[in-house]
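Read-outs throughout are calculated quantities, based only on the coordinates presented, and are distinct from any laboratory measurement. Quick caveat: nothing in here was measured; it's all calculated off a predicted structure. FYI the Cβ positions are ideal-geometry reconstructions off the backbone, even for glycines, and counts take in every protein chain you see.
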Amino acid sequence: MVKQTLIAQAAEAKIFREGDSVIKDRVSKGYRHPELDKKIIKQRTKKEASILEKAAKLGISPKPSLVELNKIKMPFIEGKKLSQELENLDYKKICKQIGEKIAILHDNHIIHGDLTTSNMILNKNNEVMFIDFGLGFISQRNEDKAVDLHLIKQALEAKHFSIHKECEKIILENYNSKDRIKILEQLKKVELRGRYKHE
């Protein structure tokens, strides 16, 4: 039997490495009724797997190889986690890719829901792969797409402060969605709302 190694743990799931695969195992919540807990986990697992399938067809994420009640198995991506390595890499080229790939997701109405560099890996072919669509959903709303862009901007400022302005600029320049103008206009409104909340 192939050994499983815990490589990450979040509130919703544990991530295990098993040979050339990764297994995302959603954890039960003790405060929920067992039947309800089982139902919620099953629904969320199924939903994430469906989004991963769509994103994989677009060349943006690994494709699930097995989906069970609370588990998604997919290929392990050899590469560099951008949250740890972005400043040490050719971040201008990487940010160009990020902008292009977010646009592809959005043109296919896929909202990632947690766009941070912690959920991006630069693989051995120097392609940016997006992971963890646990908060992802399908939406045609420009508001949801604008919020996705707002999230990546916030994440860059928090994690990569020294280069965040340049990275944001490159990402937005290469965000060539067919609804680019409307979505960027909505992004300004989202950011204004955020400023009002903090004032």
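Segment E35..N125, full-extension length gain: 28.0 nm, with 0.36 nm per residue of separation and the alpha-carbon distance subtracted. For a straight C-alpha distance cut-off of 14 angstrom, the aspartates and glutamates reachable from K63 (same-chain residues fewer than eight places away being disregarded) are D20, E48, E53, D132.
Springs between Cα atoms under 10 Å define the GNM used for the chain, and in it the highest mean-square fluctuation of P34, P75, P62 occurs at P34. Measuring nothing but how far apart in sequence close Cα pairs (under 8 Å, 6+ apart) lie, relative to its length, the chain scores a relative contact order of 18 percent. Helix 142-159 axis versus longest C-alpha principal axis of the chain: approximately 90°, rounded to the nearest ten.
The long axis of helix 180-198 is offset from the longest Cα principal axis of the chain by roughly 80 degrees. The ranking of H33, H109 by Cβ neighbour count inside 10 Å, starting from the fewest, reads H33, H109. By the count of other C-beta atoms within 10 Å, a proxy for reagent exposure, L156, L6, L122 are ordered fewest to most as L6, L122, L156. Each residue in V67, V2 was given a count of other beta-carbon atoms within 10 angstrom of its own, and listing them fewest first yields V2, V67. Between the C-alpha center of region 127-199 and that of region 1-40 there is a gap of 29 Å. In the chain, the longest principal axis of the Cα atoms and the axis of helix 91-107 are about 70 degrees apart. The structure shown yields volume of the Cα convex hull per residue in Å³, and of the options (i) 138; (ii) 115; (iii) 188 that calculated value carries the label (i). Here is how the number arises for the chain: DSSP H runs of 4 or more residues each give -39500 (n - 2.57), the sum is divided by the residue count, and the result at 222 nm is -15000 deg cm²/dmol. Legend: residue pairs K3/K38; K73/K178; K42/K182; K96/K189, Cα-Cα distance threshold 31 Å; pairs beyond threshold, K73/K178; K42/K182.
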